[in-house]
Amino acid sequence: MPDFSRLRPHSSQGWLAWVLLAFVLFFACASDQFLTVQNLLDLAESYAVTGIFALGLFVVLVTGGIDISFAAVASVVQYLIASLFVQFQFDNAVLSIALAILCGTLFGVINALLITSLRVVSIIITISMQSLLFGLLMWFTGGRSLYTLPDWWITLRSVLPFTVQGNSFQIGLPLVTMLVIAALTALLLNKTHLGRQLYAVGGDAESARRIGIRVGLIHVFAYGWLGAMAAIGGLVQVYRMGEVVPNALVGGELDVLAATVLGGASLMGGKGTVSGTLMGVFLIAILKNGLNLIGVSNYFMNIVVGGTIMVAIAVTHYKKRKETDVSFV
């Protein structure tokens, strides 16, 4: 008899891969449009921004923190760069991108400094920052969208064109950007001393402090990294849509958080992988795309996302309690 035990997953990423495969097969049978090349490319492109945000949030979760303000940061950065062009005709691509990343990083660093100096739970500070930034943005702009944008930002570029059965397709800039960021994040976390320190702080901050790791600086780096990813994600979102809408990104934070924890990141810190995060993103993408194709209401996905976060929190706390439970019986 064949030994099916070898197929049994030994990690959360393994289980997630099987779940992904099951949903792909289900939606492929339920809709003949699901496995088309164009649909899969559209799906991947649509969730590239979510992936970029998730990769940034993952680094913060690794350290044991959480940040909900990334969407507001991205929105502020979008509007700032667009306003520079509208008001001053500033259209230097390199300087604009550098300024956007610098501003995003600065917002992340401010979050980290507030968390470490005030010793307040990270979610409280970042929710406050999210509300503050989004409120200020809507107040100063009056909620007006901007449509006059520099050519370098909205001109669609063919990055990796290919042909399937005589039909031309292309892998666009958003997906390529997400994959490059994923590779850099994996390199950072798995191949550098800084990456090991990030995991150590998330595993046990006090122990990390005792062995000489500067926990405060590690948090500054993690939140700054997420701020930079928020800025890049914001720029990519405008590239896809061709306009700056101040409230377009705010409200999607739960999708990003759900994708990250689905991928195996622990809300307690110290766990998770880049590959798992990407699988979590594409699981959310496949669910939303597949359910839409078979005619299920989009509102149902809110139930799925909320349930996912609740289950992830429950499992995380259960595992943590089991790890720390000492029994003499």
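Counting just the residues of the range 141-156 that are over 19 Å from residue 95 (Cβ atoms) and not β-branched (Val, Ile, Thr), which one comes out modelled with the lowest pLDDT? Per the criteria, the residue is 156. Applying the condition of being over 20 Å from the mean Cα position of the chain (by Cα) and open to solvent by less than 60 Å² (accessible area, probe 1.4 Å) to the range 35-58 and asking which residue is farthest from residue 296 (Cα to Cα) yields 37.
Screening the range 79-95 for residues that are not polar (S, T, N, Q) and not in a helix (DSSP H, G or I) and picking the one that is least open to solvent (accessible area, probe 1.4 Å) gives 90. In the range 61-69, is there at least one residue being of a type in the set (Val, Ile, Thr) and either open to solvent by 50 Å² or more (accessible area, probe 1.4 Å) or within 14 Å of residue 104 (Cβ to Cβ) (or both)? So far as the range 61-69 goes, no, none of its residues is of a type in the set (Val, Ile, Thr) and either open to solvent by 50 Å² or more (accessible area, probe 1.4 Å) or within 14 Å of residue 104 (Cβ to Cβ) (or both). The residue list 81, 68, 52 contains one member that is out of contact with any Gly (no Cβ under 7 Å at 6 or more places or on another chain) and closer than 27 Å to residue 216 by Cα, which is 68. Taking residue 218 as the residue in question, decide whether it is farther than 30 Å from residue 153 by Cβ and β-branched (Val, Ile, Thr). So residue 218 fits the description; yes. The criterion of being surrounded by fewer than 14 Cβ atoms within 10 Å (Cβ to Cβ) and either in a helix (DSSP H, G or I) or at pLDDT 95 or above (or both) does not hold for residue 256.
Only one of the numbered conditions (1) more than 15 Å from residue 223 (Cα to Cα); (2) surrounded by 11 or more Cβ atoms within 10 Å (Cβ to Cβ); (3) small (Gly, Ala, Ser) is violated by residue 166, and that is (2).
Is at least one residue of the range 172-194 at pLDDT below 90 and either open to solvent by 90 Å² or more (accessible area, probe 1.4 Å) or of a type in the set (A, V, I, L, M) (or both)? Scanning the range 172-194 turns up no residue that is at pLDDT below 90 and either open to solvent by 90 Å² or more (accessible area, probe 1.4 Å) or of a type in the set (A, V, I, L, M) (or both).
Going by what's in this entry, would residue 261 be described as open to solvent by 10 Å² or more (accessible area, probe 1.4 Å) and touching a Pro at 6+ places or on another chain (Cβ under 9 Å)?
When the stated conditions are applied, residue 261 does not pass them.
With without any contact (Cβ under 8 Å) to a residue 60 or more places away in the chain, open to solvent by less than 60 Å² (accessible area, probe 1.4 Å) and out of contact with any His (no Cβ under 9 Å at 6 or more places or on another chain) as the only criterion, which of 120, 109 stands out? Exactly one residue qualifies, and that residue is 120. Restricting attention to the range 123-132 and to residues that are among the aliphatic types (A, V, I, L, M) and either part of a loop (DSSP other than H, G, I, E, B) or open to solvent by less than 50 Å² (accessible area, probe 1.4 Å) (or both), the residue that is farthest from residue 231 (Cα to Cα) turns out to be 125. Just one residue in the set 135, 143 is at positive phi and either loosely packed, with under 12 Cβ neighbours inside 10 Å or within 22 Å of the chain's Cα centre (by Cα) (or both); that residue is 143.
Of everything in the range 18-34 that's open to solvent by 60 Å² or more (accessible area, probe 1.4 Å) and either in contact with a Phe, Trp or Tyr (Cβ under 8 Å, 6 or more places away or on another chain) or of a type in the set (Phe, Trp, Tyr) (or both), which residue is farthest from residue 71 (Cα to Cα)? Here the residue is 26.
Scanning the range 273-307 for residues that are open to solvent by 50 Å² or more (accessible area, probe 1.4 Å), in a helix (DSSP H, G or I) and touching a residue at least 60 places away in the same chain (Cβ under 8 Å) yields 275, 293. Residues that are surrounded by fewer than 24 Cβ atoms within 10 Å (Cβ to Cβ) and touching a Ser or Thr at 6+ places or on another chain (Cβ under 7 Å) within the range 237-246 comprise 243, 245, 246, listed in sequence order. Name the residues in the range 199-229 that are in a loop (DSSP other than H, G, I, E, B) and open to solvent by less than 40 Å² (accessible area, probe 1.4 Å), would you? Selection gives 213 alone.
Per this entry, residue 196 is counted among residues that are without any contact (Cβ under 8 Å) to a residue 24 or more places away in the chain, assigned to a helix (DSSP H, G or I) and among the charged types (D, E, K, R).
The values are calculated or read from the model by the stated rules, or taken from the named source; none is laboratory data. Here the structure is a predicted model, which is why all the values come from computation and not from measurement. Virtual Cβ from ideal backbone geometry, glycine too; neighbours counted across all protein chains shown. All accessible areas refer to the heavy atoms of the entire protein, side chains included, with ligands and DNA or RNA removed. Shrake-Rupley method; radii C 1.70, N 1.55, O 1.52, S 1.80 Å.
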